[in-house]
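Here's the structure, in structure tokens; my notes come after.
The values are calculated or read from the model by the stated rules, or taken from the named source; none is laboratory data. Note that the coordinates shown come from a computational prediction; the quantities given were computed from them, not determined experimentally. With ideal geometry, Cβ positions are generated from the backbone for all residues, glycine too; neighbour counts draw on all protein chains shown. Only protein heavy atoms, including side chains, enter the accessible area calculation; ligands, DNA and RNA are left aside. Shrake-Rupley method; radii C 1.70, N 1.55, O 1.52, S 1.80 Å.
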Amino acid sequence: AHCLAGAIQGARYKYMLHTENASLVCPVAGTLSVRCFDGVVTILGGKCFNGCPAGRLIDENKSSIEYGALEHLGNTTGTCAGNSTGYVQVNCTDTVMMLDPLPGQRCFKHCVAGTLNTSAGTKISTPAMQNGQR
């Protein structure tokens, strides 16, 4: 049986004859080699790649880095959020977002209120402070 027009991994194909092969262009990036056999289109090789949706990553200090949607193999500057400040580059590879900081980029934590003990045994109360505040 022949194969009706359709899509596989988002790549569209036209009506194909039984045992016909075709090369498809993926909607975002990549190509597929496909074959029609007995009414079913199967992938012989290749891969379709996709971008990354907006979201957040957590760094080694448990800071949250927020970023917008990104295309496959793209990069952008993520913003440190919550109890942190700063910027960190992130990149997208086929739906997987990863931290890719440039030199000096990192999230800096703000300081929560607390108590310090001096070497003389005195206790000093400290207020909550933004990173870099004195």
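Data for the structure
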{"item": "Loop-resident sites, the range 12-59, for chymotrypsin sites (Phe, Trp or Tyr not before Pro), counting at most 15 other Cβ within 10 Å (DSSP)", "result": "Tyr15"}
{"item": "Gaussian network model of the chain, springs between alpha carbon atoms under 10 Å - residue of Pro103, Pro27, Pro53 with greatest fluctuation", "result": "Pro103"}
{"item": "Percent carbon-and-sulfur accessible area, the chain, ignoring ligands, DNA and RNA, probe 1.4 Å", "result": "55"}
{"item": "Top positive-direction residue, dipole computed over the chain with Cβ charges, set His110, Leu4, Tyr87", "result": "His110"}
{"item": "Computed magnitude of the charge dipole of the chain (debye, nearest 20; Cβ of K, R +1, Cβ of D, E -1)", "result": "420"}
{"item": "Label selected from (i) 12, 25, 18, 16, 12, 8, 5, 3, 1; (ii) 13, 40, 28, 14, 6, 0; (iii) 9, 10, 9, 8, 8, 8, 7, 7, 6, 5, 5, 4, 4, 3, 3, 2, 2, 1, 0, 0, the criterion being P(r) over Cα pairs in 10 Å bins from 0, in percent as computed here", "result": "(i)"}
{"item": "In Å², nearest 10: area of Lys123 left accessible to a 1.4 Å probe", "result": "150"}
{"item": "Estimated FRET transfer efficiency when R0 is 41 angstrom, pair Met98-Ala120 (beta carbons, to 0.05)", "result": "0.30"}
{"item": "Residue-normalised accessible area of the chain, expressed per residue, 1.4 Å probe, Å²", "result": "64"}
{"item": "Check: the range 21-85 dipole with +1 on Lys, Arg Cβ and -1 on Asp, Glu Cβ, in debye", "result": "120"}
{"item": "Listed residue (Met98, Ser23, Thr77) projecting farthest to the positive dipole end of the range 1-102, Cβ model", "result": "Ser23"}
{"item": "Other-chain or far-sequence residues with amide H under 5 Å of Ala29's (modelled H)", "result": "Phe49"}
{"item": "Protein-only accessible surface order, largest first, of Val112, Val41, Val34, Val96 at 1.4 Å", "result": "Val112, Val96, Val41, Val34"}
{"item": "Heavy atoms of Ser23: accessible area, 1.4 Å probe, square angstrom to 10", "result": "90"}
{"item": "Length released on extending from Glu60 to Ala22, taking residue separation times 0.36 nm less the Cα-Cα span", "result": "9.1 nm"}
